Amino acid sequence: MILKVLIIIGAIYFSILVFLFVFQRNILFVPSRSTPSMTETNVSEMSEVNIETKDGLTLLSWFYRGKVEKPLIIYFQGNAGNISDRDYKARFLIDNGFSVLLLGYRGYGGNKGQPSEEGLRKDGEAALEFANRENFEASNIILYGESLGTGVVVDLGTLNKFKGIVLEAPYTSIEALAKKRYWFIPVRFLLKDKFDSISKVSQLTSPTLVLHGDSDRVINMDYGKQLYDAIPQPKNFAAFPGGGHSNLFDFGAGTEIVSFINSLK
């Protein structure tokens, strides 16, 4: 009887492992696949642009050219929704004179392809090439990552010295988050997309701003602080008492970002 119980428990456990391994990207990436509409946004002055990746995808993204003396902010969204959900952030940045590129990931917002760590890196590289064609050099580009997007930004940030980097609600690695949530499985051996920011941030050479709410229930602020501690100077940490995971602009994050960027030389 005991042996039968152990076999059943083992079979259930193995089934859970298989399920999580096969469907892990469905858990990590939660895109809205509908095409974002310019007619239903409060940043109608932005233009739809097509960004071509090296592996042959065309990414529908939104772009606005601001004041010539202001840098371009390339925005890398979190794991859910699409770029239209971030229009209020673009609105704030545009109103402060910045050029803004809301990058549409593969598999998001009607774009073809399936998201992965490698794929999002290629999307980011394509965004940088687009910026270069629009005459924005690295010294005049701000990389801005939100949640999952912070991992993409940290990865890209090791490639060059940019004018600045903004990390909103960042994490140390997806492995660290997954180990805490799925403590009962060998995450290290099953995880496909690690987004191991903590191992890369020491290579950053750009001024960096980290934003985190102390009531973030998705990514605890301790992860943001750990990542911040590993980032070289110059850097700044902005904590938001009462701030959650997706509402930091309600607590003044936009003002912090603008002040940070305007302080850069």
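The values are calculated or read from the model by the stated rules, or taken from the named source; none is laboratory data. Note that this is a predicted model, so its numbers are computed, not measured. Methodologically, a virtual Cβ is constructed for each residue, glycine included, from the backbone with ideal geometry; neighbour enumeration extends over all protein chains shown. For the accessible areas, the whole protein counts, side chains as well, though only heavy atoms, and no ligand, DNA or RNA atoms are used. Shrake-Rupley method; radii C 1.70, N 1.55, O 1.52, S 1.80 Å.
Charges were assigned to the Cβ only: +1 to each Lys and Arg, -1 to each Asp and Glu. The resulting dipole of segment 147-243 about its Cα centre is roughly 180 debye. For the pair segment 93-124 and segment 133-201, the centres of their Cα atoms are 14 angstrom apart. Taking the charge dipole of the chain about its Cα centre, with +1 at Lys and Arg Cβ atoms and -1 at Asp and Glu Cβ atoms, the residue from LEU20, MET46, LEU72 reaching farthest to the positive side is LEU20. For the cross-link pairs LYS54/LYS180; LYS70/LYS112; LYS89/LYS163; LYS89/LYS179, the ones whose C-alpha atoms lie over 29 Å apart are LYS54/LYS180; LYS70/LYS112; LYS89/LYS179.
Note on ASP55 and LYS194: the model spin-label points, each 7 Å out from Cα along the C-beta direction, lie 1.8 nm apart.
When the chain is treated as a GNM with alpha-carbon contacts under 10 Å, the residue of ASP55, ASP214, ASP87 showing the greatest mean-square fluctuation is ASP55.
Each Lys and Arg contributes +1 and each Asp and Glu -1, all at the Cβ; summed about the Cα centre of segment 1-62, the dipole is approximately 580 debye. To the nearest ten degrees, helix 148-157 and the longest principal axis of the Cα atoms of the chain are 60 degrees apart.
Each residue of segment 209-216 is assigned a 3J(HN,Hα), and the resulting list reads 10, 10, 10, 7, x, 7, 10, 6 Hz, derived from the Karplus form 6.51 cos²θ - 1.76 cosθ + 1.60 (θ = phi - 60°), x at Gly and Pro. Qualifying chymotrypsin sites (Phe, Trp or Tyr not before Pro) in segment 169-235, where qualification requires a DSSP coil assignment and no more than 12 other C-beta atoms within 10 Å, comprise TRP183, PHE184. Between the Cα long axis of helix 253-263 and the first principal axis of the chain there is an angle of about 50°, rounded to the nearest 10. Evaluated with a Cβ-only charge set (Lys, Arg +1; Asp, Glu -1), segment 97-150 carries a dipole of roughly 180 debye about its Cα centre, given to the nearest 20. Ligands, DNA and RNA left out, the accessible area of the chain computed with a 1.4 Å probe is 54% carbon and sulfur.
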